[in-house]
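Worksheet for the structure shown next.
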Amino acid sequence: MNAVMNKVVTNAKYVLPIFKREFASYFATPLAYVFIVIFLLTMGAFTFYVGHFYENGIADLSVFFAYHPWLYLFLVPAISMRLWADERRTGTMELLLTLPIPLWATVLGKYLAAWAFTGIALALTFPIWLTVNYLGEPDNGVIFASYIGSFLVAGGYLAIGACISASTSNQVIAFVVSVAVCFLFTVSGAPLVLDVFQAWAPMALTDAVASLSVVTHFNAITQGVLDLRDIVFFLSLIALFLAANIVVVDLKKGG
Amino acid sequence: MIEIEGLTKRFGPVTAVAGLSLSVAKGEVLGFLGPNGAGKSTTMKMITGFLTPDAGRASICGHDIETDTTAAQALIGYLPEGAPAYGDMTVRQFLAFIAEVRGFSGAEAKARVTAVVEKTDLGPVLEQPIETLSKGFKRRVGLAQAILHDPPVLIMDEPTDGLDPNQKHSVRGLIQAMAAEKAIIISTHLLEEVDAICTRAVIIDRGGVVADGTPAELLARSRYHNAVTLTLAENDAEGVVAKLKALGGVAQVERKLIGNAVRLTAFPKSGSLLIEQVSQLASRENWTLKELYAEPGRLDEVFRAITTSDAARAKAARA
């Protein structure tokens, strides 16, 4: 047990400075404030105008959460696009990767900083939670689960975006490709995609594709059931893309 | 302290570094010279663990950079080409970050930052974002970052590039002050720098070592080494040239017209020291000289003689 603790402490020592620097860098420029304001405005706009929050007359946040995967589709790549592309463009990648920190810790530290930042943006939507509690008696368990689910969706998209950002020094390319790949993971459960597979593919493949859908798993969570399978899905998605991120950084160091 | 064996790196069809071997001991300041694209930066990137070599190995104080990367990197201070740093951080924040990464905390970290700021004269810009600094300050931030943990091995890619003569002088002083305790590799285009601070000069071309010796040894390879130059009035030139040629040690005399004066350079036959013979001859013959001096040799000429032009090199690399 002690050995394990020692290992955790040593590894945290590697990740922590990277995390702190990266996290602080969001607030060193207007990026953080612009992002948070836009994030809150679009969340609000979709909930009230598109989702008709008041007109529904139901005291829950389902209309609020329903739009999250779609908003993240554009907002999260805006965060992740600079994660590695900027380091590559300014040459700080060489500095970062010659510091005595293992590559996995650098990748993890940067990723966790970005995830924590989106977590803050998400947490700042709390007034809507206060509002719905003022207006009625919502199931706060469901709302809590939905927040966790939303955070996991953002985490999944971020991991995808981070990996793609590592493959280019161009932030615009990183953004566009990330949106496209995240889109595939968003819609893979929708008829748009499944119809293509259903026509010819075996049932198992169609099911496999459908099970990759972020929305399917997110919707399951917003029903108020924090099913282990859904959580495992998101965590595996994150782990997979972070592992790919490590490989991409390692392979593309030279140019 | 630095051991390099058969280091090789290819980028597609181009071989940037071809089987380079070197070893650098404590107390040495190795000047890494070579034309642009000769493989200096690529070699440094492999030694510091940024690039993975295609073949060969490099180790720092016994730690292999590929298999024991983090331990090796902890012993290196590295100033990458162009001195990259996070532009949105202030100098203090950036150095504090480096101190934390290097494993210092609390008072120790603060003391390290203070000491290094002192050494590199960064005090006046400590609270400024790095992106607002002039080139000279940026370079010194890179230098400060590299020496913060007092590493036994220091690798610097063009540490004085973009600095004015005063700044160059102070950076060179800084390097010299640390030299006794460390193994240092600096790459440079400035041949005077090699003369000023390096104990050893290595010239690389097309990815391999083409010369390795003390700056004095390199100078000795110059055609001008021990040559004697005299400047005198044009009218006297004919007679002087004839007398010079009659001297035993002189192989050849070259003349160059400067206004109404002539600059003569007498090249020695191999091994002979000319300056004594020539000065005696001059006083015997009562020549009126404006200048008389022995040439130590010209590094730039040695450099040109043993390296190739970039066009020829690009062609060879692709062959």
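The values are calculated or read from the model by the stated rules, or taken from the named source; none is laboratory data. All values reported here derive from a predicted model rather than from experimental measurement. Positions of Cβ are generated from backbone atoms using ideal geometry, with glycine treated the same way; all protein chains shown enter the neighbour counts.
The rows are residues; the columns are (1) among the acidic types (Asp, Glu); (2) within 30 Å of B:Glu81 (Cβ to Cβ); (3) surrounded by 15 or more Cβ atoms within 10 Å (Cβ to Cβ).
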position	(1), (2), (3)
A:His52	no, no, no
A:Phe64	no, no, yes
A:Ala78	no, no, yes
A:Leu108	no, yes, yes
A:Tyr134	no, no, no
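With the condition kept exactly as written, say whether any residue in the stretch B:32-45 is away from chain A (no Cβ under 13 Å), crowded, with 21+ Cβ neighbours inside 10 Å and assigned to a strand (DSSP E or B). Within the stretch B:32-45 (the criterion being away from chain A (no Cβ under 13 Å), crowded, with 21+ Cβ neighbours inside 10 Å and assigned to a strand (DSSP E or B)), the answer is yes, since at least one residue qualifies. Based on what the data block shows, is B:Ser272 surrounded by fewer than 19 Cβ atoms within 10 Å (Cβ to Cβ), of a type in the set (S, T, N, Q) and closer than 30 Å to B:Ala201 by Cβ? Spelling it out, B:Ser272 is indeed surrounded by fewer than 19 Cβ atoms within 10 Å (Cβ to Cβ), of a type in the set (S, T, N, Q) and closer than 30 Å to B:Ala201 by Cβ. When residues in the stretch B:51-72 are screened for being in a loop (DSSP other than H, G, I, E, B) and either among the polar types (S, T, N, Q) or in contact with a Pro (Cβ under 8 Å, 6 or more places away or on another chain) (or both), 4 of them pass. The C-beta contact set for the stretch A:17-46 (first residue more than 14 Å from B:Tyr86 (Cα to Cα) and touching a residue at least 12 places away in the same chain (Cβ under 8 Å), second residue among the basic types (Lys, Arg) and assigned to a helix (DSSP H, G or I), distance under 8 angstrom, 6+ apart or interchain) comprises A:Phe19/A:Lys110.
Take the conditions (1) closer than 17 Å to A:Met81 by Cα; (2) aromatic (Phe, Trp, Tyr); (3) more than 14 Å from chain B (Cβ to nearest Cβ); (4) surrounded by fewer than 17 Cβ atoms within 10 Å (Cβ to Cβ); A:Phe27 misses just one of them, which is (3). Take B:Phe94 and decide whether it is within 13 Å of chain A (Cβ to nearest Cβ), assigned to a loop (DSSP other than H, G, I, E, B), among the aromatic types (Phe, Trp, Tyr) and more than 21 Å from the chain's Cα centre (by Cα). No. Take the conditions in the same structural domain as B:Leu33 (by TED's automatic domain parsing), farther than 25 Å from B:Glu28 by Cβ and modelled with pLDDT of 95 or more and apply them to B:Leu122. Does it pass? So B:Leu122 does not fit the description; no. Within the stretch A:101-142, restricting attention to residues that are within 14 Å of chain B (Cβ to nearest Cβ) and assigned to a helix (DSSP H, G or I), the residue that is farthest from B:Thr43 (Cα to Cα) is A:Ala113.
Using the structure shown, decide if B:Gly77 is closer than 15 Å to A:Leu97 by Cα, in contact (Cβ under 8 Å) with a residue 40 or more places away in the chain and either more than 8 Å from chain A (Cβ to nearest Cβ) or surrounded by fewer than 23 Cβ atoms within 10 Å (Cβ to Cβ) (or both). The answer is yes for B:Gly77.
Taking each residue of the stretch A:111-124 that is closer than 20 Å to A:Leu237 by Cβ and in contact (Cβ under 8 Å) with a residue 12 or more places away in the chain and looking for partners that are surrounded by fewer than 20 Cβ atoms within 10 Å (Cβ to Cβ) and basic (Lys, Arg) with beta-carbon atoms closer than 9 Å, six or more apart or interchain, yields A:Ala113/A:Lys20.
Among the residues examined, B:Ala83 qualifies as touching a residue at least 60 places away in the same chain (Cβ under 8 Å), crowded, with 23+ Cβ neighbours inside 10 Å, in a loop (DSSP other than H, G, I, E, B) and within 10 Å of chain A (Cβ to nearest Cβ). Taken together, A:Ala244, A:Ala208, A:Ala220 contain a single residue that is surrounded by fewer than 14 Cβ atoms within 10 Å (Cβ to Cβ), of a type in the set (A, V, I, L, M) and away from chain B (no Cβ under 14 Å), which is A:Ala208.
Here is a yes/no grid of residues against (1) touching a Ser or Thr at 6+ places or on another chain (Cβ under 9 Å); (2) surrounded by fewer than 24 Cβ atoms within 10 Å (Cβ to Cβ); (3) modelled with pLDDT under 95; (4) more than 11 Å from chain A (Cβ to nearest Cβ):
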site	(1), (2), (3), (4)
B:Gly62	no, yes, yes, yes
B:Glu66	yes, yes, yes, yes
B:Gly87	yes, yes, yes, no
B:Ile98	no, no, no, no
B:Lys135	no, yes, yes, yes
B:Lys138	no, yes, yes, yes
B:Asp157	yes, no, yes, no
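Would you confirm, using the coordinates I've provided, whether B:Ala180 is of a type outside the set (Ser, Thr, Tyr) and surrounded by 17 or more Cβ atoms within 10 Å (Cβ to Cβ)? Criteria not met by B:Ala180.
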